[in-house]
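The values are calculated or read from the model by the stated rules, or taken from the named source; none is laboratory data. Nothing here was measured: the structure is a model prediction, and the numbers come from that model. Here the Cβ positions follow ideal geometry from the backbone for every residue, glycine too, while neighbour counts run over all protein chains shown.
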Amino acid sequence: MGKLIVMNQITVNGALEAPTPDSWLVLDEDSSEASLEQLILAHALVLGRKTYEGLAAVWPRLADDPSSRPSPP
């Protein structure tokens, strides 16, 4: 059985959600690289229904967007 690692991105003041859907989390370069590394190493993702529905609406568009792919090391 594999490990279950919980990763949650939260602000310094403890906010777990953005004030508006358009102003979600903005990561600096180091945080972005760390998040991408964790995502790449994961064998599976467990998402809540609302998170999944929001991401599922975006994923098809990302497949054709070269800027959504990580740059090579």
Item to check | Count of residues meeting criterion [among the small types (G, A, S), surrounded by 10 or more Cβ atoms within 10 Å (Cβ to Cβ) and modelled with pLDDT under 70] in region 1-31 | outcome: 2
Checklist entry - Restricting attention to region 35-54, which residues are surrounded by 10 or more Cβ atoms within 10 Å (Cβ to Cβ) and at pLDDT below 85? => result S35, L36, Q38, L39, A42, L45, T51
